[in-house]
Amino acid sequence: MTVHHVTLTVLDAERSAEWYERVLGPADVITRAGDGWHRIRMAWPDGLVIGVTAHEATAPGDAFDARRVGLDHIGLACASEDEVRAWATRLDDLGVARGPVEEAPYAWAVTARDPDGIAVEFFCPRT
């Protein structure tokens, strides 16, 4: 079984969608709204689908905290160490703050944070 999509709760759906498209490239976008919420769904040509949802009931100034139960981070697959390093360069070129390229015993990874502080990790396992 594979993951079809990820939907994140954010403070400002438009701001978050702009960040994801700036970092990951243009996506096909669909918007939806319901009672007290609106969502922007982005689908990239490689099959990645991320939704960002803003809820009216979310407290102003609320922020993501990986120490709370729920999402810790999103891991996006890279094919090689070189691709992880290329993402690090792209993030630098875009002026997006990131951590160092990590060389763990099991993988290479570089992590940035979206506007709400959700970690987005570009990850390649060692084979």
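Bear in mind that the values in this text are calculations on the coordinates, not laboratory data. Quick caveat: nothing in here was measured; it's all calculated off a predicted structure. Glycine gets a Cβ as well: all are built from the backbone with ideal geometry, and neighbour counts include every protein chain shown.
Given 0.36 nm per residue, what is the gain on full extension from Arg15 to Ser80 after removing their alpha carbon distance, in nm? Write out the running numbers ahead of the final one.
Values: separation 65, 0.36 × 65 = 23.40 nm, distance 3.01 nm.
This chain segment gains 20.4 nm when fully extended.
Could you list the GluC sites (Glu not before Pro) in the stretch 1-107 that lie in coil according to DSSP, counting only those with at most 10 other Cβ atoms within 10 Å of their Cβ?
Numbers: sites: Glu14, Glu18, Glu21, Glu56, Glu81, Glu83, Glu102, Glu103; in loops: Glu56.
Here the sparse-neighbourhood loop sites are Glu56.
Looking at the chain as a GNM with Cα springs under 10 Å, which of Thr53, Thr31, Thr111 has the largest mean-square fluctuation?
Of the options given, Thr31 has the highest mean-square fluctuation.
Between helix 81-94 and the chain, what is the angle of the helix's C-alpha long axis to the longest principal axis, kept within 0 to 90° and rounded to the nearest 10?
50 degrees
With an 8 Å Cα cut-off and a minimum separation of 6 or more residues, compute the relative contact order for the chain in percent.
On the way: 216 pairs, mean separation 29.5, N = 127.
Worked out over the chain, it gives 23 percent.
Which one of Leu94, Pro26, Pro60 has its Cα pushed farthest toward the positive end of the charge dipole of the chain, where Lys and Arg give +1 and Asp and Glu give -1 at the Cβ?
The residue sitting most towards the positive pole is Pro60.
How are the Cα pair distances of the chain distributed, in percent, across 5 Å bins from 0?
Bins of 5 Å from zero give 2, 10, 19, 22, 21, 15, 7, 3, 1, 0 percent of pairs.
Can you give the extra length, in nm with one decimal, that the chain gains between His55 and Arg22 once fully stretched, where that is 0.36 nm per residue apart less the Cα-Cα distance?
Values: separation 33, 0.36 × 33 = 11.88 nm, distance 2.29 nm.
So the chain would gain 9.6 nm between His55 and Arg22.
Give the angle, between 0 and 90 degrees and rounded to the nearest 10, that separates the Cα long axis of helix 13-24 from the longest principal axis of the Cα atoms of the chain.
The answer is roughly 20 degrees.
Just from its helices, what would the mean residue ellipticity at 222 nm be for the chain, if runs of 4 or more DSSP H residues each count -39500 (n - 2.57) and the sum is divided by every residue, rounded to the nearest 500 deg cm²/dmol? Provide the component values of the computation, followed by the final result.
Numbers: 2 runs with 26 residues, N = 127.
Counting only the DSSP helices, I get -6500 deg cm²/dmol.
Give me the number: length gained by fully extending Ala97 to Ala33, i.e. 0.36 nm times residue separation minus the C-alpha to C-alpha distance, one decimal in nm.
Contour length minus the Cα-Cα distance gives 19.9 nm.
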